[in-house]
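Reviewing the structure listed below.
The values are calculated or read from the model by the stated rules, or taken from the named source; none is laboratory data. Everything numeric in this text was worked out from a predicted model, so none of it was measured. Every residue, glycine among them, receives a Cβ derived from its backbone with ideal geometry; neighbour counts consider all protein chains shown. In case anyone asks, the SASA skips ligands and DNA or RNA and just uses the protein heavy atoms, side chains included. Shrake-Rupley method; radii C 1.70, N 1.55, O 1.52, S 1.80 Å.
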Amino acid sequence: MYQAEITALLFVAGDQGISEKELLSLLDIDKKTLKYLLSELEISFDSDERLGFRLAKFNSTYKLVTKSEYSDILNSFFESGLGTKLSQAALEVLSIVAYRQPITRVEVDEIRGVQSSGSMNTLIARDLIKEKGKKDVPGHPNLYVVSEHFFDYFGIRDIKELPDFDSFENIDIYENEENLADGEN
């Protein structure tokens, strides 16, 4: 049971990974048991030829990473352009950052109602958003803004070229859905 829970946590943690400390807290197990379970998972993932990923440890953080023998197919995927699409979650986060910048990750989470660190890491990795200073509040969280690449990516020169945010708030979603159901535009 713990191994499935660990795998699920590793999966949702994504590129960020999950620390040993977080695993111990979430699973409410002792360090020796966790080390054993992680060792068993590592052996299981490495030996299972049906899996394209393995368990990796970076300092005290664990992540699922792709097995090196699949590097050729992964390179083909990214070179084909198929790997450049943004998920719905990433697009939501990107639009929030664009319209509300500078903004902290916690503020993005509050707007979306769900945790957004994975999407933010993706956007940072793709150079669509960047850190720009710290907010002057306790903890001094990072502030995020869109990057210069954001403008190239969307073919705009200035943030003012984005559609007016207030026009989105005035759209009656249900009315539009009814019109579409009736065949209207």
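Among 132-145, 11-24, how do they line up by average Cβ neighbours within 10 Å per residue, starting with the highest?
Going by the mean number of other Cβ atoms within 10 Å, highest first, we get 11-24, 132-145.
For the pair Asp158 and Asp46, how long in nm is the line joining their label points, each one 7 Å along Cα→Cβ?
Using points 7 Å along Cα→Cβ, the separation is 5.8 nm.
If I ignore ligands, DNA and RNA and count only protein heavy atoms, how much of Ile124 is accessible to a 1.4 Å probe, in Å² to the nearest 10?
Answer for Ile124: close to 60 Å² accessible.
Can you pick out the pairs among Lys31/Lys57; Lys21/Lys57; Lys21/Lys130; Lys63/Lys134 whose Cα atoms lie more than 19 Å from each other?
Table pairs above 19 Å Cα-Cα are Lys21/Lys130; Lys63/Lys134.
If the chain between Lys132 and Met1 were fully stretched, how many nm would it gain, using 0.36 nm times the residue separation less the Cα-Cα distance?
Separation in residues times 0.36 nm, less the Cα-Cα distance, equals 43.0 nm.
Measuring from label point to label point, each 7 Å out along Cα→Cβ, what is the Leu86 to Ala125 span in nm?
Rounded to a tenth, the inter-label distance reads 1.6 nm.
Can you pull the one-decimal nm distance between simple spin-label points at Glu69 and Asp109, each 7 Å off the Cα toward Cβ?
The answer from the label model is 3.9 nm.
Taking all protein chains as present, what is the carbon and sulfur share of the accessible area of the range 61-156, in % to the nearest whole number, probe 1.4 Å?
Ligands and nucleic acids excluded, carbon and sulfur give 54 percent.
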